[in-house]
Amino acid sequence: MTASSSSLTPRCLSSSPRSLGGESIMDTSEPLRKLLLKAVRDIADYQFGRDVGEKLFPESCRVQLSKRTGKPRYVYLGGDLLATIRYPDNLLALTLKGAERLREVLGEKAGRVIIREEAVEKLRKGMSPAASDLIFCSEGIRPGDEVVVEAENGRILAVGRAVVSAQTMREAGSGVIVKVRKACKT
């Protein structure tokens, strides 16, 4: 007999919701809160490198469970959403605030794509950066990796997923290199 996903849902959740930024967060016991935070930190360690999770998501972070599945879904620091856990691959999709924290934690080691100033306006209009817009990309970027798109001056412009590897980004003359999920409007 196999366990269904509903039988794996933690049963120690309180049924009284609490509000944070208009969204319901289930009250959790302290041991469960720590367990959820550890799970999210482990995902960050896997995705971004050893010991990144604890720095990216400090003890004051809250993990919101999905109302539908009961699994960890959103990670907040204060009132700011830092990341969403994507299903079915269980990896983190960072918000712009999350990208800022990742760059603070990893510095130059973060998956970065720096684009020309001329491409910034295209990005604001909702377009994704092309290989012809590229100035620099971090070594080791693989397709599907979470990357931070920056201007030449270091300002964070967007966050998204790499479409191609770092080597292909540098060698390609055209084509989308990052699928942008969220871009700054200013």
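The values are calculated or read from the model by the stated rules, or taken from the named source; none is laboratory data. It should be emphasised that the depicted structure is a prediction, and the values quoted were computed from it without experimental measurement. FYI the Cβ positions are ideal-geometry reconstructions off the backbone, even for glycines, and counts take in every protein chain you see.
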Can you work out which of the residues in the range 90-101 that are outside any helix (DSSP H, G or I) and under 15 Å from Gly53 (Cα atoms) is farthest from the chain's Cα centre (by Cα)? Asn90
For Gly160, indicate whether it is in a loop (DSSP other than H, G, I, E, B) and within 23 Å of Leu92 (Cα to Cα). no
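Could we say that Glu104 is modelled with pLDDT of 90 or more, among the acidic types (Asp, Glu), exposed (fewer than 13 other Cβ atoms within 10 Å of the Cβ) and in a loop (DSSP other than H, G, I, E, B) here?
Against the criterion (modelled with pLDDT of 90 or more, among the acidic types (Asp, Glu), exposed (fewer than 13 other Cβ atoms within 10 Å of the Cβ) and in a loop (DSSP other than H, G, I, E, B)), Glu104 does not qualify.
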Within the range 73-83, is even one residue surrounded by fewer than 16 Cβ atoms within 10 Å (Cβ to Cβ) and closer than 30 Å to Arg170 by Cβ? no
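Yes or no, residue by residue, for (1) assigned by TED's automatic domain parsing to the domain that holds Thr95; (2) crowded, with 19+ Cβ neighbours inside 10 Å; (3) more than 21 Å from Ser174 (Cβ to Cβ); (4) in contact with a Gly (Cβ under 8 Å, 6 or more places away or on another chain):
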position: Arg116; (1), (2), (3), (4): no, no, no, no
position: Glu121; (1), (2), (3), (4): no, no, no, no
position: Met127; (1), (2), (3), (4): no, no, no, no
position: Ile135; (1), (2), (3), (4): no, no, no, no
position: Ile141; (1), (2), (3), (4): no, yes, no, yes
position: Gly144; (1), (2), (3), (4): no, no, no, no
position: Val149; (1), (2), (3), (4): no, yes, no, yes
position: Arg155; (1), (2), (3), (4): no, no, yes, no
position: Gly160; (1), (2), (3), (4): no, yes, no, no
